[in-house]
1. Taking B:Val337, is it within 21 Å of B:Ala189 (Cβ to Cβ) and not aromatic (Phe, Trp, Tyr)?
2. Could you list all residues from the range B:660-701 that are crowded, with 24+ Cβ neighbours inside 10 Å, within 14 Å of chain A (Cβ to nearest Cβ) and touching a Ser or Thr at 6+ places or on another chain (Cβ under 7 Å)?
3. Take the conditions modelled with pLDDT of 95 or more, surrounded by fewer than 21 Cβ atoms within 10 Å (Cβ to Cβ) and more than 14 Å from chain A (Cβ to nearest Cβ) and apply them to B:Arg772. Does it pass?
4. From B:Ala587, B:Ala581, B:Ala623, which residue is without any contact (Cβ under 8 Å) to a residue 40 or more places away in the chain, more than 26 Å from the chain's Cα centre (by Cα) and buried (at least 22 other Cβ atoms within 10 Å of the Cβ)?
5. Could you please let me know if A:Thr13 is among the polar types (S, T, N, Q) and either surrounded by fewer than 15 Cβ atoms within 10 Å (Cβ to Cβ) or within 14 Å of another protein chain (Cβ to nearest Cβ) (or both)?
6. How many residues, within the range B:728-754, are more than 30 Å from A:His190 (Cα to Cα) and assigned to a loop (DSSP other than H, G, I, E, B)?
7. Could you tell me which of the residues A:Val195, A:Val203 is within 14 Å of another protein chain (Cβ to nearest Cβ), of a type in the set (Val, Ile, Thr) and out of contact with any Asp or Glu (no Cβ under 7 Å at 6 or more places or on another chain)?
8. Being near the ligand (Cβ under 9 Å from one of its atoms) and in a loop (DSSP other than H, G, I, E, B): is that true of A:Gly34 here?
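The values are calculated or read from the model by the stated rules, or taken from the named source; none is laboratory data. Quantities reported herein were computed from a predicted structural model and do not represent experimental measurements. Quick reminder, even Gly has a Cβ in these numbers, built from the backbone with ideal geometry, and neighbours come from all protein chains shown.
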Amino acid sequence: MIPASFDYVAPATLDEALAALQRHGDGAKIIAGGQSLLPILRMRLNAPEILVDLGKVSELRGVFDDGPGLVIGAMTRYDELLSDPLAGAHAKLLVDAVATVADPQIRHRGTVGGALAHADPAGDVGAPALALDAQFVVVGPRGQRVVDGADFFVDHFTTAVGDDEILAAIRIPKHTGWGTRYEKFVRVVHQWSIVGVAAAVRVEGDTIAEAKIGLTNMGSTPVRARSAEQALAGVPIEEGAVAAAVASVAEGTNPPSDLQGDADYRRHLAQVLTRRAVLAAAGA
Amino acid sequence: MSVQTEPRASREIGNARKRKEDRRLITGRTRWTDNLVLPGMLHLAMVRSPFAHAKILSVDVEQAKAAPGVVQVITGADVADVQGALPCAWPITADQKAPDHPAIAVDRVAFSGEVVAVVVAASAAQARDAAELVDVDYEQLPAALDLKKARADEALAHPDLGTNTSAVWQFDSAQAGTGGDVDELIAAARVDGVVVEREFRNQRLIPSFMEPRSTVVDPTGEQFVMWSSTQVPHILRLMLATTLGVSESKVRVIAPDVGGGFGGKLQVTPEEVITFLAARRTGRPCKYTETRSESLLAAHHGRDQWQKLTLAADKDGTVRALKVDITADMGAYLGLVTAGTPILGAFMYNSIYTFDAYQFTCTNVFTNKTWTDAYRGAGRPEATFAIERMMDELAVELGREPMELRQQNWIRHEQFPFTSVCGLEYDSGNYEAATARAMELFDYDGLRREQTERRERGDSVQLGIGISTFTEMCGIAPSRMLGELNYGAGGWEHADVRMLATGKVEVVTGSSAHGQGHETAWSQLVADKLGVAFEDVEVLHGDTQIAPKGLDTYGSRSLVVGGQAVVRAADKVIEKAKPIAAHLLEAAADDLEFTDGRFAVRGAGEGGKSVSMGEVALATFAAHDLPEGIEPSLDSAATFDPVNFSFPHGTHLCAVEVDTETGQVSMRRYVCVDDVGTIVNPLIVEGQIHGGLAQGIAQALWEEAVFDDQGTLVSGSFVDYTLPTAADTISFVTDNTVTPATTNDIGAKGVGEAGCIASTPAVVNSVIDAVRHLGVNDIQMPCTPQRVWTAIRTAGRTTADPTTPESTSHFDPDQPNQDPPGPGDHTGVDDQKGTGA
Ligand SMILES: Cc1cc2nc3c(=O)[nH]c(=O)nc-3n(C[C@H](O)[C@H](O)[C@H](O)COP(=O)(O)OP(=O)(O)OC[C@H]3O[C@@H](n4cnc5c(N)ncnc54)[C@H](O)[C@@H]3O)c2cc1C
């Protein structure tokens, strides 16, 4: 399908990009990898006057070590993240999840920042980022601010990033040595998650010392399963015990009902998948 | 493995040649319709109805007309007098009811996606932009959406018809004199036999061919030339002429390389007629290429039936009678073969089994949804699904091993030729051989053992095994039989074989390939026949100017009917060459034999004189020295009308693992042994089987066209219409047995639809088999994880199929049922919301 006509700029720096957003106000839209935006434009669900392409803004791209954490530039492509040794060592959960996104062609273009800014509740990048306590670095005409995960995701396709702002990077505290697992439940492989569970576990001996869990598509935003995390602390790595600890993981969630499954089924899945993810992450 | 191995002198038949057409196809070097760019060409964009059923109050085109690049905006009112009605080639009964089917809706729309206006502009983008500006004022009407409610006429899809029932068609073996009285035998079985009654939902599917439909019409020459991504250029030409009142000789249709069809391009579409009209009105070449969304929405859909079956058997498992009652969803209109599609299954529910009595009744019902029509298998997958599900249910009822029960009831190989309870003569087959080979490849016994172990362990992952022993009727079709069924055309096929002066051969075929590999297979046939090199045969097709006579490709007919025409034409070439060769050899024509491309005097031995077909061709071309009265041409034509259908068969076995915690089904093993008669090209056969399996398995597990309660297609993109990819299937194990067909010289039976027809019940049977011990006896297709999970959870709580709330598994409440009644209450309808509802 053919989108409505639009203008296009490709600034070389973040400042120029911000200036372009300022200049065009409401009519401007950022394009990163285009893997969500272009289908939207082609189906004419949106018709911006101008696209501001961040593809040439090199300062937004790459994975860096800042000591206690990793900084992942918003324009880092999925496939770059997948082969990045720092990400593999310290933010493995994010890598696990990104590996399940779509297919190689889409992973070649799609970006971490684009996915997070798009904030599709069925997208696979939000839940692991949330679980790993990511902080979101947002820049705008008023300078830079850092937003916590809990505040970043606002609603379906809505984040704390303002119209005149750009998500520049996320900062993830290092989770070196944590066991990880992303359980993605789909009917066909090229699908968005019906439900996804991102689990990172720090093991001490035979027990789970600490667990972090994020849920995909269990509400209007990615969800952090705090009560299950608390229940898991100190639990032996054993199926029954883990199952009991995560039994209420879906309580209070508000998942959608659609062609792929209704809300009750999704709540049931979340419970089964969380148990499996935690056990797998713990090496059981 | 071959059951009957024939000694063959041939070098090409049976050779796994790589396809001639693949290089240009897979390198993208070919010319699809959408690649065509003609001087001054205009582009079309359709304005489609967002409503399932509505009156068109007004269509305001002023703004669109003024938009940049726009040449014309055409509404239904503009063309009401000239657009005719789209053709229904198969009125199944004399009193069939059907609405007029306009290409552009004039005063009412009957499904969401129907075209209400067309923008013609200088570029595709301008046409699309302007289409957004067309302002249509609708008044919504009550829509008939649910098939059962539509059958009850709760809301009328076409108020003027007074009913949603288009036609009721029946075959009854007692009436036809081909078998006994079903009702009598069922009544008898209720007393001292067993009766199984089930109702199944055969869901609506979308053909989803790879190349979206595209049409270009050039009105600037003496003839209108239409390029279209169609399966049926010949039928399209004829129908354009009759629909639009244009002289047939003024229309030329070209189907260039076509990227798949699966029956979805066996149609004369509104878009083709509209592009023709636009070209005629503007006097300029016009192009329309649909988007994928439009394709899913407005290209015809397939299947969509409720199927009620009653099967009567003796206590020892011998099947006696089968009664079938189908409600078939036509959608909003009758397309080319919409009405007849369910009837193509009418003679196949009895399948390979020896029933004494049979009755099939089909009620065709209109709804306000995209119209349905042929989709790979067309009527026969529905039949195979239903009977193979029933055979499993009968086995459960009797506590019998399902394969052994089938074996007890199928036609034994020594019974061929066998006249079925429908009066069809099955010419050849060997179900025992195909089954034995499949069981061996599958390790049936080993998997059954594992199944028992998992059950005993109470494993959360259960194993299920599903069987489908099937046959189908292919090689459509003897013209006489089509006439009896009131179909609007014959079933013959035409071919020409032309000998060029250099000894090369041109084959002109009326079969119109759209991905099957006819160029390769036909070359193999002719290379063997005429003893020329495979590379020296050129196959020409898909253009009514090059191949003027033909009935195109569908119904697994090409090789069986079209290939046979080629063989016949090649035989005539040999006959024509013989007197010339005799003249050259100074021998009597009767003394000549033709082997390996050479004519020689019979019995002359190694050193004897001979002349090749190429030499005869050159001598004929020169015509310097031909026998008296012989015309200087070897070119020959043949039009072949088959005397019977052909009946491929096979045994398909599927093993799945069902995760009982999530309902997720994963395929473990799939083995099929198909008997498609003589195999011309094993690679093509395997390819056809693989593709067919993927589509048939997809019906079982993944695909469903879903409309919401407003009649909007919800599964309107590949995000929600979950078409599988190679990543979702497993490596199939395929093999063949060969019992040649006796009704054509090749011995072929047709393979295009086999995989798709056979696989669906094998998969569903395996899913149910995996969880049967938990109390599950049916799961509606597609067997989504949620449906499987729900079936497990609610099993035993209710006797009705928990995932098919609208279906009844026992529909004769006052008759003794043979199923043990379930322990639970009959009102337990909690958690019964299917994902597709
Ligand atoms: C066929 C297909 C299958 C897919 N399957 C999956 C899947 O299984 N799982 C999954 O998670 N995703 C899936 N996706 C979506 C994919 O992950 C997208 O790439 C991702 O959602 C968006 O990233 P992008 O870089 O392409 O962003 P774009 O499409 O360019 O942008 C998306 C949105 O974010 C905004 N935006 C982008 N970057 C920034 C920024 N730095 N600051 C502020 N706003 C910004 C844009 O304005 C736009 O609104 C699929 C996509 C396709 C086409």
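1. Here the answer is no, as B:Val337 does not meet what is asked.
2. B:Ile697, B:Gln699, B:Ala700
3. yes
4. Numbers: B:Ala587 fails: buried (at least 22 other Cβ atoms within 10 Å of the Cβ); B:Ala623 fails: buried (at least 22 other Cβ atoms within 10 Å of the Cβ).
Criteria check complete, one pass: B:Ala581.
5. Working: among the polar types (S, T, N, Q): yes; either surrounded by fewer than 15 Cβ atoms within 10 Å (Cβ to Cβ) or within 14 Å of another protein chain (Cβ to nearest Cβ) (or both): yes.
It is true that A:Thr13 is among the polar types (S, T, N, Q) and either surrounded by fewer than 15 Cβ atoms within 10 Å (Cβ to Cβ) or within 14 Å of another protein chain (Cβ to nearest Cβ) (or both).
6. Counting residues in the range B:728-754 that are more than 30 Å from A:His190 (Cα to Cα) and assigned to a loop (DSSP other than H, G, I, E, B) gives 13.
7. Working: A:Val203 fails: within 14 Å of another protein chain (Cβ to nearest Cβ).
Step by step, each of A:Val195, A:Val203 is checked, and only A:Val195 is within 14 Å of another protein chain (Cβ to nearest Cβ), of a type in the set (Val, Ile, Thr) and out of contact with any Asp or Glu (no Cβ under 7 Å at 6 or more places or on another chain).
8. Spelling it out, A:Gly34 is indeed near the ligand (Cβ under 9 Å from one of its atoms) and in a loop (DSSP other than H, G, I, E, B).
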